[in-house]
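Below is one structure, written out as structure tokens, with a few remarks after it.
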Amino acid sequence: MLETPFDKFREECGVVAIHGHPEAANLAYLALHALQHRGQESAGIASSDGRLIHTYKSMGHVADIFTPERLGRLPGHLAIGHTRYSTTGETALLNAQPFAVACNKGRIAVAHNGNITNARELRGSLEREGSIFQASSDTEVILHLVARSRERLLEAALREALLELDGAFSLVFLAEDRVIVARDPHGFRPLAMGQLELSGSRISYVFASETCAFDLLGAVYVGEVEPGEMVIVGPEGVTRERYAPPRNRAHCVFEHVYFSRPDSIVFGRSVQESREMLGRMLAREHPAEADVVVPVPDSGVTAALGFAAESGIPFRHGLIRNHYVGRTFIEPSQGLRDFGVKLKLNPVRHLLEGKRVILVDDSIVRGTTSRKIVRMVRSAGAREVHLRISCPPTVSPCFYGVDTPTKSELIGANNSVDEIRRFVEADSLGYLSIGALRRCVADEEEHGYCYACYTGDYPTDFVDLEALMRSRTRLG
Ligand code: AMP
């Protein structure tokens, strides 16, 4: 059966779950602040007071959505939260998470990070059996599978549902009296477990996409929720179980390249350590005679620090980022060229004038932003601009929950490095090799990461790729 997992693949998210804290919703709210970079389109929290599940979700940023009154209406000692960014055009509030329903297993809510690659197929068969869907998000499919299960207990129904899913999922569930979290058997997207000590030696358990959320809560990082593992925290304590046999590991390497914060531990490894190594290896593989190393903020900063340390060339903040610009703004109709990038970034002429500049960024996707930034640096007086990218060329779309466009839009899929260099108007262009990338995430031996966006080699066999590309081109 061919599957076209396009309904939702361009969606990026962060999730959190809290168990056993009198202010669970407040903690979820704080954690969502720390995960805001994982999605800025909508956010939501569901809490349980042991009897009812209360939900609030809305479009926008966490800080704007939740007021003290709204948080006050989310009582209980259990909560889950979600922050989301999607480019599918399906930006309606209907798709904001958590999703909450009442079914024969009780009241449940779910939030999801990742992309279920057989969602369309599952949804089709559920609809044929009479299920009615409210949203287009694949997460709702999970709730229907749970509700439909003949198993009486929620855990058993969940186990059954999870075994039907393909692709990437880090999931947090909320029931009236318990929190259940699970990760897909490949471990595409991260999910970490932490503990918070309360008075009277009571312990609150917390789960989050990234450990930077634990730091904010004062929680201690315990470890990863393992691929194929389900963790249940309820009245009887904590139960960890494998609901699926281990599969080939496929941690998303882009989490370490770009997506996660450097102050997080992701897949059990410090993102800072990986990212600085990316810069150091880049300096070894693609050295250049230059006066300054300048990052594209914020995504290029840590790699640029590594590049500068390795090369001995001074690091300078030659581009200043305005942090208060949202994803959308009103574009003036004419007269101001490259307005979008200018609003976000401004060059420091004093640092760039007459200099040979090494410009470091994490990735080139379409190439259009990179070209504008190279032009910007040059227009500020740089004599030479040497662009360095801390990963290999992005040649294939992601079907596991990262927002990369179709192959036809990916400049790396259709052009040589020198053609890209000419397009972005750089004096030289260097990408990190895949071998070096492996070393930077300490993956030479284990092959525990997914590199599909750089190789086109997908770790799950969901599709006839040719059919997939054709249908994607039609849809996109
Ligand atoms: P462009 O090559 O013009 O499409 O844009 C490249 C820029 O997009 C780089 O600065 C990256 O940091 C950024 N970028 C890469 N992947 C993503 C993503 N999945 N979500 C948001 N920004 C991204």
Completion exercise
Expected unfolding gain across ARG152-THR368 under the 0.36 nm per residue rule, minus the alpha-carbon gap, is 72.4 nm
Problem - FRET efficiency, THR406 to ALA92 (Cβ-Cβ, R0 22 Å, nearest 0.05) - result: 0.45
Fill in the blank from the handout: Output ordering of 375-382, 146-153, 352-359 (per-residue mean of other Cβ within 10 Å, highest first) is 352-359, 375-382, 146-153
Handout entry: Å² of accessible area per residue within the chain, as computed with a 1.4 Å probe and no ligands counted
Key = 41 Å²
Handout entry: Nearest-ten-degree value, helix 119-128 long axis tilted from longest Cα axis of the chain
Key = 30 degrees
Practice task
Quick one: plug the Kirkwood hydrodynamic radius of the chain (C-alpha pairs) into Stokes-Einstein at 10 °C, 1.306 mPa s, and report D in µm²/s.
Solution key: 69 µm²/s
Practice task
Treating each Cα of the range 259-458 as an identical point scatterer and ignoring solvent, apply the Debye formula and state log10 I(q)/I(0) at q = 0.12 Å⁻¹.
Solution key: -0.60
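Which order do the peptides 117-126, 385-394 take when ranked by the mean count of other beta-carbon atoms within 10 Å per residue, highest first?
In decreasing order of mean packing, 117-126, 385-394 become 385-394, 117-126.
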Problem - Accessible surface of the chain [probe 1.4 Å, protein heavy atoms]: carbon and sulfur percent - result: 49 percent
Problem - Residues ALA135 and GLU419, FRET efficiency given R0 of 30 Å [Cβ-Cβ distance, rounded to 0.05] - result: 0.15
Handout entry: Relative contact order (%) - the range 259-458, alpha-carbon pairs under 8 angstrom, separation at least six
Key = 20 percent
Problem - Burial ranking of peptide ranges 275-281, 262-268 (average Cβ count within 10 Å, highest at the top) - result: 275-281, 262-268
Exercise for the section: Report the FRET efficiency, 1/(1 + (r/R0)^6), for LYS342 and ARG439, where r is their Cβ-Cβ distance and R0 is 41 Å, rounded to 0.05. Expected result: 0.65
Handout entry: Percent RCO, i.e. relative contact order, over the chain, from Cα pairs under 8 Å lying at least 6 residues apart
Key = 14 percent
Completion exercise
Dividing the helical contributions, -39500 (n - 2.57) per DSSP H run of n ≥ 4, by the residues of the chain yields a 222 nm value, nearest 500 deg cm²/dmol, of -7500 deg cm²/dmol
Exercise for the section: Show the residues, 5+ positions off or on another chain, whose built amide H is closer than 5 Å to the amide H of ASN118. Expected result: ASP166
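The values are calculated or read from the model by the stated rules, or taken from the named source; none is laboratory data. Keep in mind that this is a model prediction, so the values were computed, not measured. Here the Cβ is made from the backbone with ideal geometry for all residues, glycine too, and neighbour counts use every protein chain on show. Please note that ligands, DNA and RNA were not included when accessible areas were found on the heavy atoms of the full protein model with its side chains. Shrake-Rupley method; radii C 1.70, N 1.55, O 1.52, S 1.80 Å.
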